[in-house]
Structure formats: structure tokens, C-alpha cells
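Student: Just passing along the structure, written as C-alpha cells.
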């Protein structure tokens, strides 16, 4: 009995060691709440209302969802899909989305043209758009997007510049470039292989007071898909100093015979503050339209403990 107890304590200790001490997280599939999609970015508008982009939607545009999260435990309760708001523009491989509260407008970053375009909540272009922030390319272009309503700064993050770092673009309210920083990525952990695919870069950026949260993800998919994994990390970053501060979150998900919790998290935004004052983050994954029935759409609610 004593040995069983000690083994139990060891297992619990190993499990808890997978999470930083200041973070609790829950991953929940959203298949029964919304249609299959290629969800790549999310932003909070007000109350329970969020806007979500799908990088393979027919038009440049966004979904409006009501997301209901339990105020005590931070658990996802329900998602109400209010429909897709299409714009006159064709699909631009939308990867990032941000809400401008003082204008009541939406910004969408497209990886095809590496521009940011502003729309009304009805999907009409306002006429404001950035110049191309990067040379045109299909992958590793403009990925993350957020807005600081205090400093009136738009932050747009490149996924990977090919040198294990990213360009972080700072723009003003009129989407004019005012500064560029270099964000250092963590070294990839996957060993180079001739088959399959490997993705490594920053997929989202979010304002949290004077610092940014940066979502880094690494994805390794073997040719036969079995043994695929993702690793999601969140770091705090000081955009004024251009320095990485600390890791907030680190989690690996897998696709194998024992687990189907593979989750390629691409979007992140603030969630509700719980009744005890605990702030939360919402992460959303891109399932490639629930690829061949093997993948699922996931939301992860992270409770950030002080």
C-alpha cells in the first residue's frame, strides 16, 4: 500500500510539472457548437461577443460568436454561432483579427497580401488599409494581430522570417507603420526529417497591459500522420525594450493510437475575468476543416493565476 501511495504521488507530481505554477488550462472540443472550419484568429468585442476568422473562407470576413464561459471555474459552456459577415473582398488567407473599440471596427490581417484591412461590423471596408508589410509569400507571412486601445497601437506579427525570429510591426490608428521590432523565437525541438511537414513560428500576439503575450507553436506531422504533435508556448514580451521576459504556458498535444487531442492553436485573445478576479485567455485551433475526420476543432481556456 505504501508503494502504491508513493507511485501515485510521483504520477501526480509529474502531471503537475507539465504546467507552469501560475496557469491552469482546459481544452474542450467545439465540434457540437459550430461548423467545421479553419479558424485562425479570434478577438473579443464586448460581453460574450467575439469575432473569429477562417483562413479558407470564401470571402474575406469573420464569424460572430457568443462564447459562454462559466464565471467560477472558467469552463466553456456553449458557443452560439451568429453567422459569417462577408466583405466585398475575396479570401486573403485571413490569419489575424483585432477589434478597435473607439471606432467599432474590425481589422483583418491577410497572409496572401500581407496587408491589414479595416472593416465595419457589417463587413464594409472603411478605406483604411496598410501597405504590404512583407514581400508576398504563401507561408510564414503576416500571422498575428492585436490592438492596444491605450496607446492606440496596432501590433502585427510575422510568423517566421527564416532566421528563427519574427518581425513585429507597430502601426498607428491609420495603419501607417511607425516601428519594427525583432521577436526571438524559441529554437525548434523537432529533428529535421525528409518526409512529413514541420511548422515553427509565432501564430498570435495579444496585448496585456504594458507587455504582449506571444503564442508560439511548433507542429510536426509525419507523412502517415500517426505520431503528429503540436507544442504551444505563450511568452511575455516587452515591445518597448524589445525583450522576451518569461514563459507563461507550455503544452504538447498529440495524434496517435491513444490520443486524438492534436490541436494546432493559431488564435488567442482575452477571455472573461472570473468571479474571483482571475483573468483568462482563449485559444482557438485550426483543424483544417476537421481533416478527414481525424482532427477536431478545439478551444482552450487558460486561467492565469497571479
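The values are calculated or read from the model by the stated rules, or taken from the named source; none is laboratory data. Small disclaimer: the values here were computed from a predicted structure and weren't measured. Heads up, the Cβs are rebuilt from the backbone with ideal geometry, glycines too, and the neighbour counts pull from every protein chain shown.
Student: Quick one: which of 291, 213 is under 18 Å from the mean Cα position of the chain (by Cα) and more than 16 Å from residue 52 (Cβ to Cβ)?
Tutor: Working: 291 fails: under 18 Å from the mean Cα position of the chain (by Cα).
Sole residue among the options that is under 18 Å from the mean Cα position of the chain (by Cα) and more than 16 Å from residue 52 (Cβ to Cβ): 213.
Student: Further, regarding this structure: Scan segment 2-23 and tell me whether some residue there is surrounded by 12 or more Cβ atoms within 10 Å (Cβ to Cβ), at pLDDT below 95, part of a strand (DSSP E or B) and out of contact with any helix residue (DSSP H, G or I) (no Cβ under 7 Å at 6 or more places or on another chain).
Tutor: At the first step, the residues of segment 2-23 found to be surrounded by 12 or more Cβ atoms within 10 Å (Cβ to Cβ) are 19-20, 22-23.
Adding the requirement that they be at pLDDT below 95 leaves 19-20, 22-23.
Imposing the further condition that a residue be part of a strand (DSSP E or B) reduces the set to 23.
Next, from what is left, pick out any that are out of contact with any helix residue (DSSP H, G or I) (no Cβ under 7 Å at 6 or more places or on another chain): 23.
Yes, because at least one residue in segment 2-23 is surrounded by 12 or more Cβ atoms within 10 Å (Cβ to Cβ), at pLDDT below 95, part of a strand (DSSP E or B) and out of contact with any helix residue (DSSP H, G or I) (no Cβ under 7 Å at 6 or more places or on another chain).
Yes/no per residue for (1) crowded, with 23+ Cβ neighbours inside 10 Å; (2) within 21 Å of residue 38 (Cα to Cα):
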site: 229; (1), (2): no, yes
site: 253; (1), (2): no, yes
site: 269; (1), (2): yes, yes
site: 279; (1), (2): no, no
site: 285; (1), (2): yes, yes
site: 289; (1), (2): no, yes
site: 304; (1), (2): no, no
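Student: Any idea which of 66, 114 is closer than 25 Å to residue 149 by Cα, under 19 Å from the mean Cα position of the chain (by Cα) and assigned to a loop (DSSP other than H, G, I, E, B)? Can you show your working first?
Tutor: Numbers: 66 fails: assigned to a loop (DSSP other than H, G, I, E, B).
Testing whether each residue is closer than 25 Å to residue 149 by Cα, under 19 Å from the mean Cα position of the chain (by Cα) and assigned to a loop (DSSP other than H, G, I, E, B) leaves just 114.
Student: I would also like to ask the following. Scan segment 176-210 for residues that are over 13 Å from the mean Cα position of the chain (by Cα), farther than 16 Å from residue 159 by Cβ and in a strand (DSSP E or B) and jot them down.
Tutor: 177, 178, 179, 208
Student: Continuing with this model, one more query. With respect to residue 101, determine if the residue is in contact with a strand residue (DSSP E or B) (Cβ under 9 Å, 6 or more places away or on another chain) and closer than 13 Å to residue 60 by Cα.
Tutor: Details: in contact with a strand residue (DSSP E or B) (Cβ under 9 Å, 6 or more places away or on another chain): yes; closer than 13 Å to residue 60 by Cα: no.
So residue 101 fails the test.
Student: Collect the residues in segment 176-198 that are free of Cβ contacts under 8 Å to residues at least 60 places away in the same chain and within 17 Å of residue 268 (Cβ to Cβ), keeping them in residue-number order.
Tutor: As a first pass, look at segment 176-198 and keep what is free of Cβ contacts under 8 Å to residues at least 60 places away in the same chain: 176-180, 185-198.
Residues satisfying the conditions are 185, 186.
Student: Is it the case, given these coordinates, that residue 275 is surrounded by 18 or more Cβ atoms within 10 Å (Cβ to Cβ) and assigned to a loop (DSSP other than H, G, I, E, B)?
Tutor: Values: surrounded by 18 or more Cβ atoms within 10 Å (Cβ to Cβ): no; assigned to a loop (DSSP other than H, G, I, E, B): yes.
The answer is no for residue 275.
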